[in-house]
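These notes concern the structure reproduced below.
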Amino acid sequence: MDYEETIEYLYNSAPMFQQVGSSAYKEGMENSFLIDAHLQHPHRRYKTIHVGGTNGKGSTSHLLASILQEAGYRTGLYTSPHLLDFRERIKVNGEMIDKAFVTGFIARNKAFFESIQPSFFELTTGMAFAYFAEQKVDVAVVEVGLGGRLDCTNVITPVLSIITNISFDHTHLLGNTLTAIAREKAGIIKSGVPSVIGEAEGEVKAFFQSLATGKMLFFVQDDNPVLSSTLLPSGYWEFETRLYPELINELGGYAQEKNTATVLYAIRLLKKIFMIPPQAVYKGFRRVIENTGLQGRWQIVQYNPKIVLDTGHNAGGMEYIVRQLRAEKYNRLHIVFGMVNDKDITSVLRLLPKDAIYYFTQANIPRALASGLLAEQASVFGLKGEIFYTTGEAFEAAKQKATKKDFIFVGGSTFIVAETLAEL
């Protein structure tokens, strides 16, 4: 099989969660351990950092990888989902996995995989760990796919675990209380391994504190390294911190205030293992997009009118987005919006601004919530607009209607952002 045939085989033989939802989710770690043993435990040949949480784990993972690259370490990065290209999931020093490795890996292991029928994520996790070993990385930053306790990335024993925050998402799989979700996320906390908790209050913090026996837990808000923050006209953040004055974060969006604090706290602990000079931290934050190729985090793709894309798709992420929208200056706000059908849709819709013009749409995936149904539910919250059946049509309509002093926001789903990037 060539590369295109291999990718088609991957998608068809092991359905992606991002495409079909919970039917692609396999509970339990049995396949993960079988694959790990079959591949001879590749993750044991390099150090790993494990990043979980509900929101912010993607930005946190990319920032850490960027900083470690700038410090001179050959750095693997495993994240999900991808936006435009499957190979975005697996990178070494910002370069996507070689197509030849993808085809070779499947060809070599096809019979074994067919004997155990792994999920798409189980299979690609094994591929990532094997690629990092083949590439002789010094360290790999590994983002949890879903949850933590039963996530297939949890075969690793990292040098540091990070849980960015806890909020409601995937409640049908992880539980419908914050404590239940925290219990699943906390599955990546291991004895003898320091763990950074980026954001936790009330019952969630109490739950994590109850795990403290025999665990090394560090709460960022107990000793926040960020003293103050300023959003610059460029859309970047400037942070005053205890060790890094005038630190510029290339990533926009209000969520980066919390992510920056989490990353800086993690660096404080990682400096006990890695040589990370101040310049690597400065350059890592300032060049994160260049170093890693990260997209979709308050991504400004055009001015006049200003067009911003963001993959935030649950209530926790949307709170930051709405806060940022309120801070923007424009004549009229246009929102191209779509969601998937297994999210807490009402919790997101009740947050959205009522004075915007909406372009309700749907991504070209089985999980997509029909745009007509979305518009119907949105009307309950006073949100009004037109219905479109493709992202491209909705985006084009918004651009046609917007004037130079207007603002267009595209989001609600990773897949709406991905399809808009493809249009661009």
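Here are the numbers:
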quantity	calculated
Residues located in segment 105-123, provided they are more than 26 Å from the chain's Cα centre (by Cα) and of a type in the set (Val, Ile, Thr)	Ile116
Residue match in segment 65-72 (condition: buried (at least 24 other Cβ atoms within 10 Å of the Cβ), small (Gly, Ala, Ser) and in a helix (DSSP H, G or I))	yes
Residue list for segment 365-382, restricted to those being hydroxyl-bearing (Ser, Thr, Tyr) and under 27 Å from the mean Cα position of the chain (by Cα)	Ser371
Residue within segment 304-315 that is assigned to a strand (DSSP E or B), buried (at least 16 other Cβ atoms within 10 Å of the Cβ) and without any contact (Cβ under 8 Å) to a residue 24 or more places away in the chain present	no
Residue match in segment 280-288 (condition: closer than 20 Å to Ile321 by Cα, within 15 Å of the chain's Cα centre (by Cα) and in contact (Cβ under 8 Å) with a residue 12 or more places away in the chain)	no
Among the residues listed as Val226, Val193, the single one being aliphatic (A, V, I, L, M), in the same structural domain as Ala65 (by TED's automatic domain parsing) and closer than 17 Å to Pro158 by Cβ	Val193
Breaking point among (1) over 30 Å from Ala261 (Cα atoms); (2) at pLDDT 95 or above; (3) surrounded by fewer than 19 Cβ atoms within 10 Å (Cβ to Cβ), for Ala24	(2)
Selection within segment 74-115 - part of a strand (DSSP E or B) and among the small types (Gly, Ala, Ser)	Gly76
Wholly enclosed helices (runs of 4 or more DSSP H) of segment 247-295 bearing at least 2 residues β-branched (Val, Ile, Thr)	256-270, 288-292
Val137 surrounded by fewer than 23 Cβ atoms within 10 Å (Cβ to Cβ) and over 22 Å from Tyr11 (Cα atoms)	yes
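The values are calculated or read from the model by the stated rules, or taken from the named source; none is laboratory data. Just so it is clear, the structure is predicted and the values come from calculations on it, not from any experiment. Positions of Cβ are generated from backbone atoms using ideal geometry, with glycine treated the same way; all protein chains shown enter the neighbour counts.
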